[in-house]
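The values are calculated or read from the model by the stated rules, or taken from the named source; none is laboratory data. No experiment lies behind these values; they were computed from the predicted model shown. Every residue, glycine as well, gets a Cβ built from its backbone with ideal geometry; the counts of neighbours run over all protein chains shown. Each accessible area value is taken on the protein alone, full model and side chains, heavy atoms only, with ligands, DNA and RNA left out. Shrake-Rupley method; radii C 1.70, N 1.55, O 1.52, S 1.80 Å.
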Amino acid sequence: MNRQRQDDHDIILAVRDLVVEHDGGDGRTVHAVSGISFDIRRGETLGLVGESGCGKTSAARAVMQLPRPTRGSVHLEGMNLAALPRKDLRPLRAKFQMIFQDPIASLNPRRRVRDIVGGPLAVQGELGTEEKNRRIAEVLSDVGLNAEQTMERLPHEFSGGQCQRISLARAIILEPKLLICDEPVSALDVSVQAQILNLLEEMKARHALTMLFISHDLAVVKHISDRVAVMYLGKLCELAPAEELYRHPGHPYTAALLAAVPAPDPKRPLGRIDMVAGELPSPTDPPSGCRFRTRCPHAQPLCAEQEPKAGEVSPGHTIACHFPLSG
Ligand code: SF4
């Protein structure tokens, strides 16, 4: 068995040196995730933030083993998912579930809500129809839907926010330990976003969930996360408690992301990253040394020669930069 004792028993997920590479179709390798490591403690929400294309969704999918990472380990409660044979992984899937960005597309349009939400119960073997329906109704009402009016309908009969509630019901019906949320509100109207975020927090408390919450929206991440990790072109550049990161960003990329958040405008969602100056380099040919150096206003010759290693600047606050910002 791939059991590994963790020093800290509070750690539910330990990701080490995770690498995700795939063929870009032109014979070149896409370096989507290049050796990231992080822990998530039981009951906490870790936010993972970065621009589109930084590798955060690839990292989340690798944690889910969908598909498996190219290299690295993903220990969930001490069990290395990345090294388990497929047949041993399947029953463990009840412990870690994911909800996706596009709630409508993530639901099978031809299946009724009853079958969608009850689908994961199949891993628990044959349950009687009555017991199955009872659990489906219970979880639907838990996420704020009227079970009687919902069960027999098809996904297209619901709004985006309702579909995200159905996705959440499907994700929590097996009482997972870890819930991975990949941009769960970015496809929703601003007015619905807050409802779904509040629902996630309620579910987290009620079902003792631990969450990995992925978003490119800094305000959303700050609102929901205990700690925040910032990702750039396949690497983690900063990780800190949420308040600390937003008040004292130490990595020039984090500072640039925060500076790129537009001033409040009632017509647009708060906190979206507009643009950090310069183009995101291609993940098929990332820059040498520090990957942010082609856009970093503080870059020096050393930054092209040596990759900066993550170092702790204060308890729980790590930065991967040769010349971190101070103050
Ligand atoms: S290592 Fe150099 S290029 Fe990279 S973020 Fe720090 S100062 Fe900028």
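Structure values in brief
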{"quantity": "Under 5 Å, built H, 5+ apart or other chain: amide partners of residue 22", "calculated": "30, 32"}
{"quantity": "C-alpha long axis of helix 160-172 to longest principal axis of the chain, angle in °", "calculated": "80"}
{"quantity": "Sequence-distant residues sharing a close amide H with residue 232 (under 5 Å, placed H)", "calculated": "237"}
{"quantity": "Debye log10 I(q)/I(0) for segment 1-107, one point scatterer per Cα, at q = 0.11, 0.15 Å⁻¹", "calculated": "-0.37, -0.69"}
{"quantity": "Extension gain (nm, one decimal) between residue 122 and residue 71, 0.36 nm per residue minus Cα-Cα", "calculated": "15.3 nm"}
{"quantity": "When the convex hull of its Cα atoms is projected in every direction, mean area for segment 133-180 (nm²)", "calculated": "3.4"}
{"quantity": "Phi-based couplings in Hz for segment 110-115 (Karplus 6.51, -1.76, 1.60; Gly and Pro marked x)", "calculated": "9, 9, 6, 4, 3, 6"}
{"quantity": "Antiparallel content of DSSP bridges confined to the chain, in %, to 5", "calculated": "60"}
{"quantity": "Length gained when the stretch residue 298-residue 279 is fully extended (0.36 nm per residue, less Cα-Cα span)", "calculated": "5.2 nm"}
{"quantity": "Of 95/309; 204/309; 95/132; 87/177, pairs whose Cα-Cα distance is over 30 Å", "calculated": "95/309; 204/309"}
{"quantity": "The chain: relative contact order in percent, alpha carbon pairs under 8 Å with at least 6 residues between", "calculated": "19"}
{"quantity": "Heavy atoms of residue 318 accessible to a 1.4 Å probe, total area in Å² rounded to 10", "calculated": "40"}
{"quantity": "Two-decimal Rg to Rh for the chain - Kirkwood Rh, Cα set", "calculated": "0.98"}
{"quantity": "Cβ crowding within 10 Å averaged over residues, with 301-311, 24-34, 74-84 ranked highest first", "calculated": "74-84, 24-34, 301-311"}
{"quantity": "Carbon and sulfur %, accessible surface of the chain computed with the full protein complex present, 1.4 Å", "calculated": "49"}
{"quantity": "The chain - accessible surface per residue (Å², probe 1.4 Å)", "calculated": "47"}
{"quantity": "Extension reserve of the residue 17-residue 159 stretch, reckoned as 0.36 nm per residue once the Cα distance is removed", "calculated": "47.2 nm"}
